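All remarks here apply to the structure that follows.
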Amino acid sequence: MSETTALAAATATPNPLLDLTGLPRYGEIAADHIEPAVRAQLAQCRAGLEALLAQPAAGFAALVEPFEALQQQLSRVFAPISHLNAVVNTPELRAAYNACVPLMAEYGTEIGQNEELHVAYQRLQVAAVGLNPVQRQVLHYALRDFKLAGVGLPAATKARYKDIMQELAQLQAKFEENVLDATNAWHRNVVDEAELAGLPAHVMAHAAGLAAEAGVAGWRLPLDGPTYMAVMSHAATRQLRRDFYEAWNTRASDRGPGAGTYDNSQLIEDILRLRHEAANWLGFANYAELSLATKMASSVEEVLAFLADLAQRYQQAACVELAELTAFAGEPLEAWDIGWHAERLKRERYAVSEEALRPYFPLPRVMEGLFTVLGKLYGLRLKQRAVPLWHADASYHEVLSQDGAIIGGLYLDLYARPGKRGGAWMGECIGRTALQAHATLPVANVVCNFAPPSAGKPALLTHYDVTTLFHEFGHALHHLLTRVDYPSLSGINGVAWDAVELPSQIMEQWCWRPEALPLLSSHVDTGEPLPAELLERLLNSRRFQAGLFGARQLEFALFDFQLHAQYSPAAGARLAETLAAARATAAAVQAPEWNRFAHAFSHIFAGGYAAGYYSYKWAEVLAADAFSAFEEAGVFDSATAQRFRDEVLACGGSREAMDAFVAFRGRKPDPAALLRQQGLAA
Ligand SMILES: [Zn+2]
């Protein structure tokens, strides 16, 4: 039965989403089960909480544990809903899912603002007697989140705080909308094919289709991300690159071809002002401090020192790479020339194409190799089992420890198909808990979008795909190997999000090791291993222009962090000055004066990366440094793996991320390993 018919077949039997006795009953869940199940579970949570709060002076076991269990049940009901919405989307599913989103958000706000619950948790924290460290951490994080939701504020302030939050949500949504509209408002019509020289065939075909649709001759190049990247890397025509660069880097601003139409300038001012005010109400000096309240980095000074140190090193390397590229090009380079010449240099030097590697990475071989790596490191085995699934491509595996005990489960769904959200991710299906009467083993979803098998051959992966698979398995291990009993802290829950990419990024490291690659690769037709020369070129390509890439990341990170750390209502946003300072510290490539990249920097003005963009680099440092412990002891050293499992993976949010790292590595993180890996060590 296909997923659509299964989803359409609502039955009169009890709602399968509310059956929490085992794995989700995929195959029986219909779109019209969704909203009733969510409403029923929310009602149960509200009634349950009311009953818990009615108990006089309830202790941890009588209040926090049953409340955690209620929250856990809600997550379990909602997990298969959001999963199905992402992997087998249909109009009915989407409508049902969208109907539930505001219900879930409303409940979340209600909990965050619940004075009575807040007071009860405070009382337990003060009493604290007989609580173990994990229980204390449950209270500590819950109270932190109450504070960040504005619960403890006096009534008048609380109302203002709520208004700010609402206004910010609207302004940020408007920012994103302007970026989208500005992006869609520009395109380039080309009639002379020579002007498009160098562009890949799929870009040309897409552009020809758009021109035909619009009834114009030739080609129409839209200003979307993939087309912009293709033009920057492959278009031989310099003027075309320049025009695209200008259109892209002035979107939603006062400059460029759409100047003033969707201008985000005022929104940036307003967003920064309101964030600063909100931070002040909560007792923080600025928004950067507020951002760090939920992160591994402990202070504004620590982040700035981290960024300044790396910026200096990356800038130095970037300048050398730029000089080399300029010599290769034989002419002075503008910002819109870098990508084009870099692509040519890369081809000349490494001649490694992702496409040429595909036959060496058939998916069954990669999976076998991945399981071998997990066996060597953690003694894990995976055993496929037949359970109800949402699609024929999906599979379910029991995760077994060395002694054969089941420690959790894992759903895999790896191929791209219509109706499935793009990208790759790990999601929680069931979180681990040991709460009485509700004990559950962890179950994870790993979802990717690899090109499906064709012509009687298995799916063939690029090396990038292999790395992606390892990355998501790293998140899954974090989820599956947890030993924490409380759902709010088990697995990836409660983990500071500048540290949550450590388990995933460290797994990627094995994809770059000559000890591991032969386990993952064998030619789909001949079974031959990856030839030594191809392997070497692949490994070398990792370092290509690491300086230029890193310098850019650091420029963005410094700009973002300083913008929020140095904000003062009197001086306003100071975009230009802050950007100039970040560039002076980090950049190698001179951007033109009219570049307005900040006006489309949705990560920080519309998304969750405000005063948090540094996290990308932070997590890279953690992963490379943690992996260097394996390099020292042997990349499959089981004692090192056991330590990583015990000190980091098993602990989830029950322990501060820095404490976990130090316990594993014996010291604080050091960027030396990352710099060495990228060829930037002195
Ligand atoms: Zn990740």
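The values are calculated or read from the model by the stated rules, or taken from the named source; none is laboratory data. Every value quoted in this text rests on a predicted model; they were computed, and no experiment measured them. Here Cβ is always computed from backbone atoms with ideal geometry, including for glycine, and neighbour counts include all displayed protein chains.
Values computed for the structure shown
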{"read-out": "Count of segment 84-103 residues which are in contact (Cβ under 8 Å) with a residue 12 or more places away in the chain and part of a helix (DSSP H, G or I)", "value": "12"}
{"read-out": "Count of segment 514-543 residues which are out of contact with any Pro (no Cβ under 8 Å at 6 or more places or on another chain) and buried (at least 18 other Cβ atoms within 10 Å of the Cβ)", "value": "5"}
{"read-out": "Residues that are assigned to a loop (DSSP other than H, G, I, E, B) and buried (at least 19 other Cβ atoms within 10 Å of the Cβ), drawn from segment 549-571", "value": "567"}
{"read-out": "Members of segment 490-499 that are touching a Phe, Trp or Tyr at 6+ places or on another chain (Cβ under 6 Å) and within 16 Å of the ligand (Cβ to nearest atom)", "value": "498"}
{"read-out": "Residue in segment 36-46 that is of a type in the set (D, E, K, R), surrounded by fewer than 16 Cβ atoms within 10 Å (Cβ to Cβ) and not in a loop (DSSP other than H, G, I, E, B) present", "value": "yes"}
{"read-out": "Residue tally, condition loosely packed, with under 15 Cβ neighbours inside 10 Å and not acidic (Asp, Glu), over segment 181-207", "value": "9"}
{"read-out": "Some residue of segment 659-671 being surrounded by fewer than 17 Cβ atoms within 10 Å (Cβ to Cβ), in contact (Cβ under 8 Å) with a residue 12 or more places away in the chain and out of contact with any Ser or Thr (no Cβ under 6 Å at 6 or more places or on another chain)", "value": "yes"}
{"read-out": "Selection status of residue 402, part of a loop (DSSP other than H, G, I, E, B), free of Cβ contacts under 8 Å to residues at least 24 places away in the same chain and away from the ligand (no atom under 16 Å from the Cβ)", "value": "yes"}
{"read-out": "Subset tally (residues that are in contact (Cβ under 8 Å) with a residue 40 or more places away in the chain, away from the ligand (no atom under 16 Å from the Cβ) and surrounded by 12 or more Cβ atoms within 10 Å (Cβ to Cβ)) for segment 415-447", "value": "14"}
{"read-out": "Qualifying residue in segment 211-224 (condition: within 22 Å of residue 606 (Cβ to Cβ) and out of contact with any helix residue (DSSP H, G or I) (no Cβ under 9 Å at 6 or more places or on another chain))", "value": "no"}
{"read-out": "Odd one out for residue 487, checked against (1) of a type outside the set (Lys, Arg); (2) touching a strand residue (DSSP E or B) at 6+ places or on another chain (Cβ under 6 Å); (3) closer than 30 Å to residue 70 by Cβ; (4) within 16 Å of the ligand (Cβ to nearest atom)", "value": "(4)"}
{"read-out": "Any hit, segment 527-545, residues being over 29 Å from residue 476 (Cβ atoms) and under 25 Å from the mean Cα position of the chain (by Cα)", "value": "yes"}
{"read-out": "Helices (runs of 4 or more DSSP H) enclosed by segment 109-203 - at least 2 residues per element that are under 29 Å from the mean Cα position of the chain (by Cα) and hydrophobic (A, V, I, L, M, F, W, C)", "value": "133-148, 155-185"}
{"read-out": "Checking residue 252 against (1) assigned to a helix (DSSP H, G or I); (2) buried (at least 18 other Cβ atoms within 10 Å of the Cβ), the condition it does not meet", "value": "(1)"}
{"read-out": "Any hit, segment 537-548, residues being in contact with a Ser or Thr (Cβ under 6 Å, 6 or more places away or on another chain) and assigned to a loop (DSSP other than H, G, I, E, B)", "value": "no"}
{"read-out": "Failed criterion for residue 502 (all others in (1) among the hydrophobic types (A, V, I, L, M, F, W, C); (2) more than 16 Å from the ligand (Cβ to nearest atom); (3) within 23 Å of residue 658 (Cβ to Cβ) hold)", "value": "(2)"}
{"read-out": "Index of the failed condition, residue 450 passing every other in (1) under 30 Å from residue 135 (Cα atoms); (2) of a type outside the set (Val, Ile, Thr); (3) more than 16 Å from the ligand (Cβ to nearest atom)", "value": "(1)"}
{"read-out": "Filtered residues of segment 453-473 (kept if more than 14 Å from the ligand (Cβ to nearest atom) and of a type in the set (D, E, K, R))", "value": "457, 465"}
{"read-out": "Single residue of segment 175-234 satisfying the filter (of a type in the set (Asp, Glu) and modelled with pLDDT of 95 or more) that is farthest from residue 343 (Cα to Cα)", "value": "213"}
{"read-out": "So residue 445, is it at pLDDT 95 or above and out of contact with any Leu (no Cβ under 7 Å at 6 or more places or on another chain)", "value": "yes"}
{"read-out": "Helices (runs of 4 or more DSSP H) wholly inside segment 572-682 containing at least 3 residues that are more than 25 Å from the chain's Cα centre (by Cα)", "value": "575-586, 615-633, 638-647"}
{"read-out": "Qualifying residue in segment 509-519 (condition: within 15 Å of the ligand (Cβ to nearest atom) and either modelled with pLDDT of 95 or more or at negative phi (or both))", "value": "yes"}
{"read-out": "Boolean, residue 483 is in contact (Cβ under 8 Å) with a residue 24 or more places away in the chain and touching a Phe, Trp or Tyr at 6+ places or on another chain (Cβ under 9 Å)", "value": "no"}
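Rundown of residues vs (1) assigned to a helix (DSSP H, G or I); (2) touching a residue at least 12 places away in the same chain (Cβ under 8 Å); (3) aromatic (Phe, Trp, Tyr), yes/no style:
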site: 210; (1), (2), (3): yes, yes, no
site: 217; (1), (2), (3): no, yes, no
site: 220; (1), (2), (3): no, yes, no
site: 233; (1), (2), (3): yes, yes, no
site: 244; (1), (2), (3): yes, yes, yes
